[in-house]
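The values are calculated or read from the model by the stated rules, or taken from the named source; none is laboratory data. If you're wondering where the values come from, they're calculated on a predicted model, not measured in any experiment. Quick reminder, even Gly has a Cβ in these numbers, built from the backbone with ideal geometry, and neighbours come from all protein chains shown. What goes into the accessible areas is simple: the full protein's heavy atoms, side chains included, and nothing from ligands, DNA or RNA. Shrake-Rupley method; radii C 1.70, N 1.55, O 1.52, S 1.80 Å.
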Amino acid sequence: MVVRPLLLRALIMGPPGSGKGTISSRIVKHFALKHLSSGDLLRENMNKGTEIGIIAKTYIDQGRLIPDDIITQLMLNELQTLEQHHLLLDGFPRTVPQAEALEKRCPIDTVIDLDVPFETIQQRLTARWIHPASGRVYNLEFNPPKVPGTDDITGEPLVQRDDDKPETIMKRLKSYEAETRPVLEYYQRKGVLESFSGTETNKIWPRVHRFLQTKLPDVSQKETAAPD
């Protein structure tokens with residue numbers, strides 16, 4: 001019988017503007033998890049014109065939510081290619097039916113919930129600009145582009161999404177809370193939910209880092225200590 005090493009199956013949750021992208025990239029760097037984002041995967045499938053991508057684009061173009069079963073199929077198909085890796089899921093599951101479908105195929109060990117006050121997020125998001133083609137996000141306060149108004153990699157113009165404008169942000173945050181609260185409660189009942197409260201990503205991150213060190217070694221420290 002082949003004994004496989006225990007693999008971490010983690011999920012990161014947090015409302016738009018909670019610092020989830022920044023913390024996710026640091027988790028990947030320090031703990032070598034494969035980051036699987038439903039938003040990135042959707043963009044990739046739509047750009048490639050896959051069957052699921054075309055279906056998803058139809059819903060998005062009509063301003064409708066993509067049905068649970070389409071997102072679930074997309075993510076579970078991708079998860080099959082990552083079975084031998086530590087995983088960090090992002091943006092999925094967003095509903096209890098998605099969580100239940102995931103549990104059957106890939107039970108989650110740890111849920112990292114970023115609990116950031118809505119008022120803080122509202123201030124952050126009004127400073128947020130994006131590069132539409134890649135999805136790269138800039139924040140004028142703590143992650144500004146090197147050249148104002150342009151993407152660092154391509155030099156193409158940045159835009160502010162309509163839903164990053166102050167008048168729509170609070171509506172989005174309340175919608176997120178209503179949608180995801182049942183998911184948080186689902187994982188709380190399973191005993192795998194860890195919440196990290198704060199207003200600054202750089203103060204939340206050390207606590208997330210310490211927590212994950214109880215699960216996995218920090219590979220970035222090994223790289224630093226390795227001889228040339």
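For region 35-74, the alpha-carbon coordinates run over 28, 20, 15 Å along the three principal axes, in decreasing order.
If R0 is 22 Å, what FRET efficiency do you get for Ala127 and Thr168 from their C-beta distance, rounded to 0.05? That pair, Ala127 with Thr168, gives E of 0.90.
The value of relative contact order for region 79-228, using C-alpha pairs under 8 Å at least six residues apart, is 28 percent.
Ligands, DNA and RNA aside, Ser195 has an accessible area near 70 Å² when probed at 1.4 Å.
Over 24 Å apart at the Cα level, from the set Lys104/Lys215; Lys165/Lys203; Lys20/Lys174, are Lys165/Lys203. Scanning the chain for trypsin sites (Lys or Arg not before Pro) lying in DSSP loops with no more than 16 further Cβ atoms inside 10 Å, the longest uninterrupted stretch between such sites is 65-145. Ratio of Rg to Rh for the chain: 0.96 [Cα atoms; Kirkwood radius as inverse mean 1/r over pairs].
Heavy-atom accessible surface of Trp205, to the nearest 10 Å², is about 30 Å², with a 1.4 Å probe and all protein chains retained. Of the GluC sites (Glu not before Pro) found in region 116-186, the ones in coil according to DSSP and having at most 16 other Cβ atoms within 10 Å of their Cβ are Glu141. These residues, Ile112, Ile55, go from largest to smallest accessible area, 1.4 Å probe, as Ile55, Ile112. Within region 13-92, the ratio Rg/Rh, alpha carbon atoms throughout and Rh by Kirkwood, equals 0.99. For a straight C-alpha distance cut-off of 17 angstrom, the aspartates and glutamates reachable from Lys146 (same-chain residues fewer than eight places away being disregarded) are Glu156. Modelled this way, with points 7 Å down the Cα-to-C-beta line, the labels at Met46 and Val96 are 2.9 nm from one another. Taking region 20-48 and a reference point 7 angstrom along Cα→Cβ of Gln73, the backbone N atoms nearer than 15 Å belong to 42, 45-46. If you take the alpha carbon atoms of region 140-188 and fit the smallest convex hull around them, that volume is 133 Å³ per residue. Based on alpha carbons, the Rg and Dmax found for region 121-211 are 16.3, 47 Å.
Net charge dipole, region 126-228: roughly 480 debye, given to the nearest 20, about the Cα centre with Cβ charges of +1 for Lys and Arg and -1 for Asp and Glu. Of the solvent-accessible surface of region 90-228, computed with a 1.4 Å probe over protein heavy atoms with every protein chain present, carbon and sulfur atoms account for 52 percent.
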